[in-house]
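A.B. asks: Dropping a structure here in structure tokens format, bear with me for questions.
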Amino acid sequence: MKSFSIVTLLLVTALSCSSYPSEKHNTEPTSGIKHGIVYYQENKYGGWPANNGIWIWDNEILVGFVEADYKPADGLHTYNQSSAHHKYARSTDGGETWTIEDAYEKGQTAWGNDHSIAVDKAETPVALKTPVEDFTDPGFIITFVRHNNNNGPTHFYYSMNKGGVWSGPYSFPDLGTAGIANRTDYIVESDQELSVFLTTAKTNKKEGRVAFAKTTDGGINWEFVSWITDEQGGFDIMPSSLRLSDTELITIIRTRTAERQDLLTAYRSSDNGKSWARLKNPVNDTGNGGSPPALVKLQDGRLALAYIYRSVYGSRVNVRFSSDNGESWSDEVVLRSGDGANRDAGYPRMVQRPDGKLVLIYYWNNANDEDSTPYRYIASTIFDPGKWK
């Protein structure tokens, strides 16, 4: 990539929103939207922040992603999978600058999907024997790693010091399903109770169907609680979930129908996950390949939902807001578009800083720009949700 391309990206702070026929959009020019680079290296590929998790402590942010060698390919992902490894990016200034950490060096030592550890270095996941002391500890985080996108299996790691050191790998049970291929989506309930939203295989062992499970003994045993989605010809995968009250939960799910329509669906539970009711779709079209959701409850009580519309002709970064706990959603606000990203982009994660601004992390590219060498990098967009009340 030419050096001026990165400099130009880092200096971009505003975009004008465009109108598309399939959805209603915010069409007012937007300002104060700052795009940055979280991770980029020449001849490397950065991808999929949605898989490994994001966490925030005041202005310290940690987010996972995949690093691999760039490799031209006829398919969607131009990377050498055998070179792929999990990485983490950490910021101590609210996402303005970042340092990169190696997951293996921090203790994530088992082979996993896009974590291609050599056989002589890979550890085998084992059952957790000693319970996590306190899920509510401020330094506690947990991440789930799948072996493939269909029937897994899945293992997990946890850290008590904000990802400085990871304990594991620990095996995760299939819980009577056809297999679990999980990303990271969980809610800490108490010192020994944690709820987890699972992507499971369908009966044909293909992805996927979403379920709800929990542990009440610090991670030693896990209990299957309920199915959230029915089995269908496409898939339901990669939920992003929140607790709304003492009894209410909401989850947004990446969905593809049997007719290959990609969208986001939503479900709410009023009995702590024992049963689920489908809500209005937050997004009816997420483009060619679809997008996982990134859901955050804002300081002002609203919900913010970020996602990517993927297109070979130019992908875009979007957000919607809900003032009624997901019963309805605002028109789509376009945060980024028109800078050459093809459909190998997206997989967002999002957190809110103490100052109220949202930090959105995703992978991006400018491959449709003839002046740029094809590459993939981890990007950030920082913006103020208060502009759209």
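The values are calculated or read from the model by the stated rules, or taken from the named source; none is laboratory data. Owing to the predicted nature of the structure, the values given are computational and were not obtained by experimental measurement. Cβ atoms come from the backbone with ideal geometry, glycine included; neighbour counts cover every protein chain shown. For accessibility, only protein heavy atoms count, side chains too; no ligands or nucleic acids. Shrake-Rupley method; radii C 1.70, N 1.55, O 1.52, S 1.80 Å.
A.B. asks: Among the listed residues Val312, Val296, identify the single one that is among the β-branched types (Val, Ile, Thr) and under 17 Å from the mean Cα position of the chain (by Cα). So that I can check it myself, show each step before the final result.
C.D. replies: On the way: Val312 fails: under 17 Å from the mean Cα position of the chain (by Cα).
Criteria check complete, one pass: Val296.
A.B. asks: If you don't mind, there's one more thing I want to ask. Give the number of residues within the range 280-313 that are surrounded by 22 or more Cβ atoms within 10 Å (Cβ to Cβ) and among the charged types (D, E, K, R).
C.D. replies: Residues meeting the conditions: 1.
A.B. asks: Let me ask you something else. Report whether or not Lys106 is part of a loop (DSSP other than H, G, I, E, B), more than 26 Å from Ile61 (Cα to Cα), out of contact with any Lys or Arg (no Cβ under 9 Å at 6 or more places or on another chain) and open to solvent by 60 Å² or more (accessible area, probe 1.4 Å). Write out each step before concluding.
C.D. replies: Details: part of a loop (DSSP other than H, G, I, E, B): yes; more than 26 Å from Ile61 (Cα to Cα): no; out of contact with any Lys or Arg (no Cβ under 9 Å at 6 or more places or on another chain): yes; open to solvent by 60 Å² or more (accessible area, probe 1.4 Å): yes.
No.
A.B. asks: Follow-up. Can you tell me which of (1) crowded, with 21+ Cβ neighbours inside 10 Å; (2) touching a Pro at 6+ places or on another chain (Cβ under 8 Å) is the one Phe383 doesn't meet?
C.D. replies: With (1) crowded, with 21+ Cβ neighbours inside 10 Å; (2) touching a Pro at 6+ places or on another chain (Cβ under 8 Å) applied to Phe383, the lone miss is (2).
A.B. asks: On the given criteria, is Arg183 within 18 Å of Ala110 (Cα to Cα), basic (Lys, Arg) and open to solvent by 10 Å² or more (accessible area, probe 1.4 Å)?
C.D. replies: yes
A.B. asks: Give the residues of the range 244-279 that are in contact (Cβ under 8 Å) with a residue 40 or more places away in the chain, under 24 Å from Ala341 (Cα atoms) and open to solvent by 50 Å² or more (accessible area, probe 1.4 Å), sorted by residue number.
C.D. replies: Scanning the range 244-279 gives no hits.
A.B. asks: Residue by residue through the range 217-241, note down the ones that are assigned to a strand (DSSP E or B) and open to solvent by 30 Å² or more (accessible area, probe 1.4 Å). Don't jump to the end; show me each part of the working.
C.D. replies: Going residue by residue through the range 217-241, those that are assigned to a strand (DSSP E or B) are 223-227, 235-241.
Matches in the range 217-241: Glu223, Phe224, Val225, Trp227.
A.B. asks: Moving to a separate point now. Among the listed residues Ser91, Ser82, which satisfies the condition of being more than 13 Å from Tyr157 (Cβ to Cβ), in contact with an Asp or Glu (Cβ under 9 Å, 6 or more places away or on another chain), open to solvent by less than 20 Å² (accessible area, probe 1.4 Å) and among the small types (Gly, Ala, Ser)? Full working, then the answer.
C.D. replies: Numbers: Ser82 fails: open to solvent by less than 20 Å² (accessible area, probe 1.4 Å).
Selected residue: Ser91, the only one of Ser91, Ser82 that is more than 13 Å from Tyr157 (Cβ to Cβ), in contact with an Asp or Glu (Cβ under 9 Å, 6 or more places away or on another chain), open to solvent by less than 20 Å² (accessible area, probe 1.4 Å) and among the small types (Gly, Ala, Ser).
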